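Here's the structure we're looking at; comments come further down.
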Amino acid sequence: MPSETATTTQAAYPSRLNAFVSGLWRIVRSIHLPLSDPFAMIGIIIYLVFFLVAVFANQIAPHDPTEILFTESYDLAADRLPGEDGFVLGTTSLGRDIFSQLVYGSQSALLIGLTAAAVVAVIGTIVGLISGYFGGVVDMMLMRLADIAFGIPFLPFVIVLAAFMEPSIWNVVFAMALILWRDTGRVVRSQVLSLRTRAYVEAARVSGSSNLKIVFRHIAPNILPLSFLYGSIAIGWAILTEASISFLGFGDPETISWGYMLQDAYASQALSTGAYYWFIPPGVCIVLVVVAGFFISRGYEEILFPKLKE
Amino acid sequence: MVGVTAPAIDGQDHRDEVVRAEGVAKHYQVGSNLIATLRGRSALVKAVDGVSFTLKRGESVGLLGESGCGKTTMGRLLLKLVPPTSGSILFEGRDTATIDGADLRAFRRSAQLIFQNPFEALNPRLTIRQSLAEPLENAGVPRAERLGLIEEALELVRSPSPAEILERYPHQMSGGQLQRIVMARALILQPTFVVADEPVSMLDVSVRAGILNVFRDVRERLGLTAIYISHDLALVRYVCERTIVMYLGRVVEDGPTEEVVHEPLHPYSKALVTAVPVPHPDQSHEALPIHGGAPDARNPPSGCRFRDRCPHAFERCAVEEPKPIQQGNRTVYCHLFDS
């Protein structure tokens with residue numbers, strides 16, 4: 001008997017795994033990743049590379065990014081050029097390894113980018129769904145809130161927020177959650193307005209489906225690509241904003257980010273001393289991530305609005 | 001007060017009534033934004049304006065009229081898909097406006113809609129099985145029993161090879177097949193009342209007859225009370241014993257189909273009957289007795305709405321709305337019959 005139960009659980013396990021995998025695949029498919037578009041593919045690859053670097057930062061980075069390093073003869077290893085004394089990208093004026101900072105910077109970039117994207121996509125999608133589907137007073141109130149959010153300038157708002165709260169990379173995420181849902185919300189709402197008049201939505205209502213079921217089963221799957229598009233745009237925005245905030249000196253001094261590196265380089269007059277190895281790599285990383293988001297959104301554009309292709 | 005209450009059928013109790021519409025009206029505001037209102041551009045479209053009738057159990061009634069006369073809106077009103085602006089709709093003696101919660105679920109089980117466009121009525125992302133299971137899920141049918149009911153419903157609508165189509169998606173099927181699925185979905189919970197909104201208008205002529213036969217058979221087998229919405233007199237004649245003719249949001253004539261077809265009373269019904277081509281070379285082609293198109297629903301004529309196209313219109317038609325007049329089995333809304 002025990003052996004029999006063991007085999008049944010074993011038999012049940014792969015089927016449950018299968019169900020999980022196929023469910024995951026369904027979600028991936030419903031997002032409609034623009035895999036056929038070469039630019040979008042490049043964007044996805046860039047994201048993937050940064051993702052892997054961030055995950056394996058401990059293994060990749062040769063040094064602690066905040067550690068002040070010394071040479072074997074106990075000299076401060078400051079302002080080393082790339083390749084000198086084994087520092088891949090050289091060191092800062094304070095003797096910190098630039099390559100390690102770059103690697104760890106991808107961690108905070110990833111953290112901010114992904115959380116901000118998730119927050120923006122989730123809040124915007126929920127607001128858009130509720131607003132578009134239920135309409136009436138709820139719609140009016142949510143859209144007036146969106147109007148207010150549209151009226152607030154983003155960067156100054158983050159600075160003010162940073163002034164009121166402790167400097168932290170989460171300020172950016174929080175500010176994006178407070179403001180940047182507006183774009184996603186508006187676009188999702190307009191899409192829902194058109195979807196909810198489809199005959200199959202009415203058919204679902206006639207067959208006795210609740211509003212919740214109609215929204216999640218018949219409407220939400222159609223707007224998932226839109227949410228994901230705005231999420232991927234938000235990744236770039238979040239990283240750019242964090243970099244701006246850090247560069248302006250409102251960032252978290254404890255966390256290594258690309259913006260922090262730029263600020264450090266700027267404050268140490270790396271530009272006038274010509275230490276390109278210091279400020280160009282973080283700049284390039286920021287550009288790459290933002291461009292990757294742009295490429296992916298471009299790929300989505302062709303999926304979502306095929307008529308624009310000409 | 002525009003609504004006219006249908007005359008109670010004397011001596012009969014109302015227990016065999018499934019649906020009773022009393023002075024039902026549905027008005028839509030068009031151009032209701034602030035600027036349009038300030039410029040005086042906002043207007044009221046009276047899609048349905050004071051319609052009354054009753055449906056007895058097992059009756060099959062055709063709702064006939066040209067595009068824009070409010071017949072589809074009337075169907076949606078009967079199913080509580082849109083709330084009426086005024087008037088009331090009673091379903092098995094209960095005002096549908098007061099139905100909610102668990103009662104609404106019960107109402108959704110017993111009142112169903114067959115859609116006009118089968119290509120639109122099924123979610124393209126769901127398989128046929130998922131689409132057919134949805135009403136069962138909502139009705140709380142246990143998972144184990146669903147497949148049996150789905151197969152039963154597909155058999156009922158004579159869908160070919162039901163076992164194969166279950167895992168297909170709507171885009172992999174033809175219009176005729178899809179319309180059978182849509183009907184199966186409407187019938188799967190064994191409703192008592194069905195509204196069919198031009199169920200064959202989107203289909204090829206070659207498959208229409210099959211769908212109509214299924215509709216007729218199923219209706220008889222299940223004893224359904226049905227409303228068949230159409231602009232096609234021939235189709236209504238094929239499936240319905242009784243016909244209600246609508247014009248611009250109002251009922252103009254209501255009576256047994258054969259009588260309406262052979263001896264239409266209202267001038268508009270006459271025009272409709274004349275408009276049907278007769279495939280016989282000897283039959284002289286009578287000219288339509290009316291001219292022009294239906295007037296703007298935002299600004300319908302006063303009194304009788306048909307008067308500006310009616311060859312028999314006289315002064316009274318402009319000032320007074322016609323009341324229902326009983327003529328044998330029929331009710332006609334026309335001053336010509338008011339002796």
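The values are calculated or read from the model by the stated rules, or taken from the named source; none is laboratory data. Keep in mind the model is a prediction, meaning the values are calculated, not measured. As a convention, Cβ positions derive from the backbone with ideal geometry for all residues, glycine included, and neighbour counts pool all protein chains shown. Quick note on the areas: whole protein, heavy atoms, side chains included, nothing else; ligands and nucleic acids left out. Shrake-Rupley method; radii C 1.70, N 1.55, O 1.52, S 1.80 Å.
A few comments on the model shown:
- Whole-percent carbon and sulfur share, accessible surface of segment B:14-247, 1.4 Å: 50
- DSSP-assigned coil residues among chymotrypsin sites (Phe, Trp or Tyr not before Pro) in segment B:293-339, each with at most 12 further Cβ atoms within 10 Å: B:Phe314
- Part-to-part distance (alpha-carbon centres) for segment B:146-182 and segment A:185-205, which is given in Å: 26
- Take each residue in B:107-113, count the other chain C-beta atoms within 10 Å of its C-beta, and the mean is 3.
- A DSSP coil position with no more than 12 other Cβ atoms inside 10 Å describes the following GluC sites (Glu not before Pro) in segment B:104-208: B:Glu167.
- Using the 1.4 Å probe convention, the accessible area of the protein assembly as shown works out to 49 Å² per residue with neighbouring protein chains retained.
- Expressed as a fraction of 2.2 N^0.38 Å, the value expected for a compact globular protein of N residues, the C-alpha radius of gyration of segment A:36-309 is 1.20.
- Percent of Cα-Cα distances greater than 23 Å, calculated over segment B:14-247: 51
- Here the calculated FRET efficiency for A:Val287 and B:Ala139, from their Cβ-Cβ distance with R0 = 56 Å, stands at 0.50, rounded to the nearest 0.05.
- Which of A:Tyr277, B:Tyr28 is most accessible, then next, and so on - probe 1.4 Å: B:Tyr28, A:Tyr277
- GluC sites (Glu not before Pro) within segment B:263-332: DSSP coil, no more than 13 neighbouring Cβ in 10 Å: B:Glu286, B:Glu320
- Every helix of 4 or more DSSP H residues in the protein assembly as shown counts as -39500 (n - 2.57), and over all residues that averages to -16500 deg cm²/dmol at 222 nm.
- Cross-link check: pairs B:Lys270/B:Lys323; A:Lys213/B:Lys46; B:Lys56/B:Lys270; A:Lys213/B:Lys71 evaluated at a Cα-Cα cut-off of 23 Å; pairs beyond the cut-off: A:Lys213/B:Lys46; B:Lys56/B:Lys270; A:Lys213/B:Lys71.
- Electrostatic bookkeeping for B:Leu64 treats Lys and Arg as +1 and Asp and Glu as -1; over the other residues with beta carbon under 12 Å from its beta carbon, the sum is -2.
- Estimated FRET transfer efficiency (A:Glu166, A:Ala267; beta-carbon r; R0 25 Å; 0.05): 0.75
- Note on segment B:197-286: Cα convex hull, mean projected area over all directions, 6.9 nm².
- Legend: P(r) of segment B:55-113 from all alpha carbon pair distances, 5 Å bins from 0, whole percents, reading 4, 16, 26, 26, 18, 7, 2, 0.
- Residue mean of other protein chain beta carbons inside 10 Å, B:189-202: 0
- Computed from protein heavy atoms with a 1.4 Å probe, the total accessible area buried between A and B is close to 1800 Å².
- Given chain B, longest segment not containing exposed loop trypsin sites (Lys or Arg not before Pro) (DSSP; at most 16 other Cβ within 10 Å): B:169-297
- Of every Cα-Cα pair in the protein assembly as shown, the percent that sits beyond 50 Å: 34
- With the simple spin-label model, which puts each label point 7 Å out from Cα in the Cβ direction, the B:Val319 to A:Thr197 separation comes to 4.2 nm.
- Using the Cβ-Cβ distance between B:Thr274 and B:Arg168 with R0 set to 56 Å, the FRET efficiency works out to roughly 0.80.
- With 40 Å² as the minimum drop in accessible area between chain alone and full protein complex (1.4 Å probe), the qualifying residues in segment A:197-216 are A:Ala199, A:Tyr200, A:Glu202, A:Ala203, A:Arg205, A:Val206, A:Ser207, A:Gly208, A:Lys213.
- Accessible surface of segment A:36-309, 1.4 Å probe, proportion on carbon and sulfur as whole %: 69
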